[in-house]
Amino acid sequence: MHDPVTLENEQTFEREAIDKLFKECKDSGRKMVFPLTQKQVKSTYLNPSIALRNTIEEWSARNEAAQLDLACSSLNLGSPESDVVRALKYIQYLIRFSYWLE
């Protein structure tokens with residue numbers, strides 16, 4: 001989850017996913033209902049969940065740092081080749097993912 005939003009029923013969803021659901025309902029003429037309760041949506045206002053987003057970002061940064069430390073520790077002459085390859089792939093993933101977020 002990258003951009004959590006809260007709806008009128010106080011449930012939190014990923015903005016992209018709930019926007020997609022609302023668009024599909026509108027395009028097909030279906031009634032908009034909450035995915036979990038199937039109750040009708042009265043308001044499509046999406047309230048950004050800033051505290052949750054900040055918590056997710058902090059956790060992601062700590063997790064990435066820990067994973068990067070682990071990957072870097074595998075990059076030495078004594079490590080099995082499979083560990084080195086896995087570590088390099090993970091580092092490449094982090095670089096691509098970080099670039100995408102900016």
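Miscellaneous remarks
- Per residue of the chain, the DSSP helices (runs of n ≥ 4 H) give a summed -39500 (n - 2.57) that works out to -20000 deg cm²/dmol at 222 nm.
- Here the range 6-102 is assigned +1 on the Cβ of each Lys and Arg and -1 on the Cβ of each Asp and Glu. Its dipole about the Cα centre then comes out at about 540 debye.
- For the range 28-102, applying the loop criterion from DSSP together with a ceiling of 13 other beta carbons within 10 Å to the chymotrypsin sites (Phe, Trp or Tyr not before Pro) yields Tyr45.
- Restricting the trypsin sites (Lys or Arg not before Pro) of the range 1-48 to loop positions (DSSP other than H, G, I, E, B) with no more than 14 neighbouring Cβ atoms within 10 Å leaves Arg30, Lys31, Lys39, Lys42.
- Here's the list of lysines a cross-link from Lys26 could span, going by alpha-carbon distance under 17 Å and ignoring same-chain residues fewer than 8 apart: Lys39, Lys42.
- In terms of its C-alpha gyration tensor, the chain comes out prolate, because a/c is 1.5 or above and the ratio a/b outweighs b/c.
- For the range 1-65, GluC sites (Glu not before Pro) meeting the loop criterion (DSSP other than H, G, I, E, B) and having at most 11 other Cβ atoms within 10 Å: Glu10.
We did not get these values from a lab; they are worked out from the coordinates using the rules stated. The shown structure was predicted, so the numbers you read here are calculated from the model rather than taken from an experiment. Every residue, glycine as well, gets a Cβ built from its backbone with ideal geometry; the counts of neighbours run over all protein chains shown.
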